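Data first, discussion second: the structure below is written as structure tokens.
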Amino acid sequence: MPANFKAELVACLGQPVAENPTGVMQEAAFRALGLDWRYLTIEVAPDQLANAITGVRAFGMRGLNLTIPHKVAILRHLDEVAPDAALIGAVNTVCRQGDRLVGMNTDGKGFLRGVRIDARVDPKGKKAVVLGAGGAARAIVTELALAGTEEILVVNRSADRAKAMVDDLAARTGCKIRWQSWPEIYQVPEDAGLLVNATSIGLYPDIGAMPPVDLSCAQPDLLVCDAVFNPPETRLLAAARRRSLPVLDGLSMLVHQGAIGFQLWTGQEAPVGVMKQALRKALGI
Ligand code: NDP
């Protein structure tokens with residue numbers, strides 16, 4: 001076989017992006033499977049996104065991850081957007097199919113895989129409470145709705161944002177989704193089976209912060225999940241553990257969304273264990 005010195009390229013575009021650890025786990029996965037692929041972490045300013053996508057096309061790059069602030073702005077630069085990503089209204093993963101760039105969203109799917117595989121919980125028929133109404137919350141609520149969750153309550157600081165998201169997703173998914181603005185302390189109801197923090201409360205460097213929730217009425221098998229992955233052990237998860245409630249950290253969502261992306265780009269099953277280990281090492285945990 002003739003020598004082939006050409007590597008396949010994938011990149012994460014964002015600003016700021018330097019502290020995004022996704023590349024570590026994707027590079028570890030490429031190495032583990034002996035693939036000559038590279039994952040680049042590239043800072044792209046909002047006014048340079050169009051130029052960056054021209055570059056992606058010119059280089060024949062195989063795929064992308066998008067992070068803040070490009071997840072919505074990328075939509076107009078793509079040839080196609082998958083229906084669930086269109087429902088979410090944001091794209092975190094792009095896959096090149098022939099010469100077409102197709103946008104997808106793996107955030108909510110990664111979360112759901114973590115719930116099913118790592119926590120061994122099926123949200124179908126359960127009541128869920130999602131804290132937050134930003135991009136992560138929207139992806140999580142969409143996938144929970146599509147997975148047959150019986151009822152979803154969105155609790156958010158800004159009522160307008162919660163209402164807009166809930167009205168839209170309830171109409172488009174047919175799932176019973178309600179919202180309420182955040183009281184001083186939100187009492188998690190006894191019949192909730194899933195609680196998800198999809199706000200940025202507790203995110204590094206603000207690691208002492210905790211979403212103002214009261215878990216005292218929670219049923220013993222309430223699964224408490226956090227989208228925040230840095231630190232993986234947030235104050236919310238620590239509080240849940242003290243009550244012996246099952247927990248799921250944000251690393252689970254991060255690894256599984258990356259694993260779905262890996263499979264979309266390479267066509268091969270992702271080595272999830274290798275990816276998780278690489279991530280833990282990079283984050284020093
Ligand atoms: P957004 O900026 O889109 O949304 C932030 C959300 O947090 C909003 O609902 C906002 O409420 C709420 N919020 C922020 N600060 C406060 C506060 N002090 N009090 C009450 N509410 C607050 O961010 P994203 O949705 O993109 O990200 C949210 C979190 O999810 C981040 O920590 C991010 O790192 C994490 N994430 C994790 C992923 C993973 O794979 N594990 C993937 C994607 C995100 P309001 O509307 O009132 O402003």
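The values are calculated or read from the model by the stated rules, or taken from the named source; none is laboratory data. What you see is a predicted model; the values in this text were computed from it and never measured. Note that each Cβ is placed from the backbone with ideal geometry, even for glycine, and that neighbours are counted across all protein chains shown. Side chains included, ligands, DNA and RNA excluded: accessible areas come from the protein's heavy atoms. Shrake-Rupley method; radii C 1.70, N 1.55, O 1.52, S 1.80 Å.
Electrostatic tally near residue 113: other residues with Cβ closer than 15 Å to its Cβ, Lys and Arg +1, Asp and Glu -1, net -2. Where both bridge residues fall in the chain, DSSP classifies roughly 20% of the beta bridges as antiparallel. When both bridge partners sit in the stretch 121-248, DSSP labels roughly 5% of those beta bridges antiparallel. Sites listed here are trypsin sites (Lys or Arg not before Pro) in the stretch 1-104 whose DSSP assignment is loop and whose Cβ has at most 15 other Cβ atoms within 10 Å: 6. Calculated mean residue ellipticity, 222 nm, the chain: -10000 deg cm²/dmol, from DSSP H runs (n ≥ 4) at -39500 (n - 2.57) each, averaged per residue and rounded to 500. Exposed loop positions in the chain were taken to be chymotrypsin sites (Phe, Trp or Tyr not before Pro) whose DSSP state is not H, G, I, E or B and which have at most 16 other beta-carbon atoms within 10 angstrom. Between these positions, the longest stretch is 60-285. Please sort by residue number the GluC sites (Glu not before Pro) in the stretch 19-59 whose DSSP state is loop and whose Cβ has at most 14 other Cβ atoms within 10 Å. When the GluC sites (Glu not before Pro) of the stretch 19-59 are filtered for loop state and at most 14 Cβ neighbours within 10 Å, 19 remain.
With K and R counted +1 and D and E -1, the other residues having a Cβ less than 12 Å from that of residue 59 yield a net charge of +4. Taking 17 Å as the straight-line reach from the Cα of residue 71, the lysines in range (excluding those fewer than 8 positions away in the same chain) are 109. Each listed q (0.11 Å⁻¹) maps to a log10 I(q)/I(0) for the chain, found by the Debye formula over equal Cα scatterers with no solvent: -0.63. Here the Karplus relation 6.51 cos²θ - 1.76 cosθ + 1.60, evaluated at θ = phi - 60°, turns the backbone of the stretch 233-244 into coupling constants of 9, 7, 5, 4, 5, 4, 5, 5, 4, 4, 9, 6 Hz, with x for every Gly and Pro. The stretch between residue 160 and residue 176 holds 3.9 nm of extra length on full extension. This uses 0.36 nm per residue minus the Cα-Cα distance. What number comes out for the charge environment of residue 150, summing +1 per Lys or Arg and -1 per Asp or Glu over other residues with Cβ under 9 Å away? My count for the surroundings of residue 150 gives +3.
For the stretch 1-86, with all protein chains present and a 1.4 Å probe, just round the carbon and sulfur fraction of the accessible area to a whole percent.
Details: 2670 of 4620 Å².
Using a 1.4 Å probe with all protein chains present, the stretch 1-86 comes out at 58 percent carbon and sulfur.
Residues in the stretch 137-210 average 48 Å² of solvent-accessible surface per residue, probe 1.4 Å, ligands and nucleic acids excluded. Measuring between their Cα centroids, the stretch 156-208 and the stretch 48-66 lie 34 Å from each other. Carbon and sulfur together cover what percent of the accessible area of the stretch 232-276 at a 1.4 Å probe radius? Ligands and nucleic acids excluded, carbon and sulfur reach 47 percent.
Could you tell me the calculated FRET efficiency between residue 45 and residue 242, based on Cβ-Cβ distance and R0 = 25 angstrom, to the nearest 0.05?
Numbers: r = 43 Å, r/R0 = 1.73.
Efficiency for this residue pair is about 0.05.
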